[in-house]
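Student: Quick one: the structure is below, and I'll ask about it shortly.
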Amino acid sequence: MSDQTQESNSPASNNLTYADAGVDIDAGNALVQAIKPIVKATSRPGSDTEIGGFGGLFDLKAAGFSDPVLVAANDGVGTKLKVAIETGKHDTVGIDLVAMCVNDLVVQGAEPLFFLDYFATGKLDVTAATDVIAGIAEGCKQANCALIGGETAEMPGMYAKDDYDLAGFAVGAAERGTLLPSADVKAGDVLIGLASSGVHSNGFSLVRRILEANSLSFTDPAPFAEGKSIGEALLEPTRIYVRSTLKAIRETGAIKALAHITGGGFPENIPRVLPSDLAARLDLAKVTPPAVFGWLQKLGGVANKEMLRTFNCGIGMILVADADRADALMAVLKDAGEAPVVLGSLAPRDGDAVVYDSMINFGG
């Protein structure tokens, strides 16, 4: 081989580009152009939804706050993303991303104001990424928060070609002195549950393990959801409780605390908003869980205790309120489109922080 031939094969003479390394700047620019109208549709008072700058702007005064305390939360979607990737259905996981963040804001009595996303992938697929961000925008509209910015990272070698990951960051605000939980949570307060839409975005590693152990794929028909594949049914997005709970907070003033039921289920999430001397006594026979939970329990042989600490089991949000104000609170929640159910009450703690007076009938 001559020196000339060796020279022509050297990196310098081959004029390598970023695209040769697997990063397509043009695809990134195309994505920005595709999502501009999607992002703009999430505008709300106080926001600037023009994207392309180095940071997003938000005007708290224009949003109507006089003495606000900012509340921030971040989260992801977890291995539910594997369902979206393997089914090629990307338009709902963005709703999950927003839901997991804004539901954590509202439990503190905060109104979600703006949202930012982080989308990382091995190879940028503009169509798939646009679907994901359209879902994020839909979630923002449901939560009445503005999508004011984000980041797309194409990282070949870090992720497989078709894989991607999501992270979300939400900021909200509440007027000083109105944050939850309030200091007057006491024994005798009632616990009110709001229904989930299904598995939401927790426990999918167990879900996938159950499917694998039973040689099932996401394309198989879902016995628990007529007319849908297993993948389509599992991608039902996480419910966003912002509008209904904020309405109840503002119109009744009866809510003392809220618990978002995510990973860890009832036993891990309810105690987070309770004083250390109180326990939640739950009458879970009042819960009618979506059929997916009975199917998963039966298929995986999952014990009740494990179901309750892994999944939401049909209740995505729990509210704490004075017993004598529960009826008025329930009426407002129903008017907001919820189907609330009284699940129990608070009692002096003598052992576990969550006590089950009855168990969910998972069926299946």
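Student: Could you identify the single residue in A347, A331 that is closer than 14 Å to E251 by Cβ and at pLDDT 95 or above?
Tutor: A331
Student: If you scan region 53-94, which residues turn out to be within 19 Å of A170 (Cα to Cα) and among the small types (G, A, S)?
Tutor: G53, G55, G56, A62, A63, G64, A72, A73, G76, G78, G94
Student: Check off (1) at pLDDT below 95; (2) surrounded by fewer than 19 Cβ atoms within 10 Å (Cβ to Cβ); (3) assigned to a helix (DSSP H, G or I) for K82 and give me the number that stays unchecked.
Tutor: Here K82 meets the rest and fails (1).
Student: Does region 96-108 include one or more residues that are open to solvent by 60 Å² or more (accessible area, probe 1.4 Å) and more than 16 Å from A143 (Cα to Cα)?
Tutor: Checking region 96-108: not a single residue is open to solvent by 60 Å² or more (accessible area, probe 1.4 Å) and more than 16 Å from A143 (Cα to Cα).
Student: When region 116-149 is examined, which residues are found to be within 21 Å of S244 (Cα to Cα) and either free of Cβ contacts under 8 Å to residues at least 60 places away in the same chain or among the charged types (D, E, K, R) (or both)?
Tutor: Hits for region 116-149 are I136, E138, K141.
Student: Further, regarding this structure: Do we find a residue being on the phi > 0 side of the Ramachandran plot, open to solvent by 10 Å² or more (accessible area, probe 1.4 Å) and without any contact (Cβ under 8 Å) to a residue 40 or more places away in the chain anywhere in region 250-258?
Tutor: Going residue by residue through region 250-258, those that are on the phi > 0 side of the Ramachandran plot are 253.
Filter once more, so that each one left must be open to solvent by 10 Å² or more (accessible area, probe 1.4 Å): 253.
Next, only the ones that are without any contact (Cβ under 8 Å) to a residue 40 or more places away in the chain stay: 253.
Yes, because at least one residue in region 250-258 is on the phi > 0 side of the Ramachandran plot, open to solvent by 10 Å² or more (accessible area, probe 1.4 Å) and without any contact (Cβ under 8 Å) to a residue 40 or more places away in the chain.
Student: Residues K161, K186: which one is within 28 Å of D117 (Cα to Cα) and surrounded by fewer than 19 Cβ atoms within 10 Å (Cβ to Cβ)?
Tutor: Only one candidate passes the filter, namely K161.
Student: If you go through region 294-305 one residue at a time, do you hit one that is among the polar types (S, T, N, Q), at pLDDT 95 or above, open to solvent by 10 Å² or more (accessible area, probe 1.4 Å) and under 20 Å from the mean Cα position of the chain (by Cα)?
Tutor: no
Student: Here is a check on your reading of the model: is N144 more than 30 Å from A280 (Cα to Cα), surrounded by fewer than 23 Cβ atoms within 10 Å (Cβ to Cβ) and in contact with a Lys or Arg (Cβ under 8 Å, 6 or more places away or on another chain)? Step through it out loud before you land on a result.
Tutor: Working: more than 30 Å from A280 (Cα to Cα): yes; surrounded by fewer than 23 Cβ atoms within 10 Å (Cβ to Cβ): yes; in contact with a Lys or Arg (Cβ under 8 Å, 6 or more places away or on another chain): yes.
Taking the combined requirement at face value, the residue satisfies it.
Student: Let me ask something additional. Can you tell me which residue within region 323-356, out of those that are under 20 Å from V273 (Cβ atoms) and charged (D, E, K, R), is surrounded by the most Cβ atoms within 10 Å (Cβ to Cβ)?
Tutor: If we take residues in region 323-356 being under 20 Å from V273 (Cβ atoms) and charged (D, E, K, R), then E338 is surrounded by the most Cβ atoms within 10 Å (Cβ to Cβ).
The values are calculated or read from the model by the stated rules, or taken from the named source; none is laboratory data. Computed from a predicted structure; not experimentally measured. Cβ: placed from backbone, ideal geometry, glycine included. Neighbour counts: every protein chain shown. Accessible surface areas use protein heavy atoms only, side chains included; no ligands, DNA or RNA. Shrake-Rupley method; radii C 1.70, N 1.55, O 1.52, S 1.80 Å.
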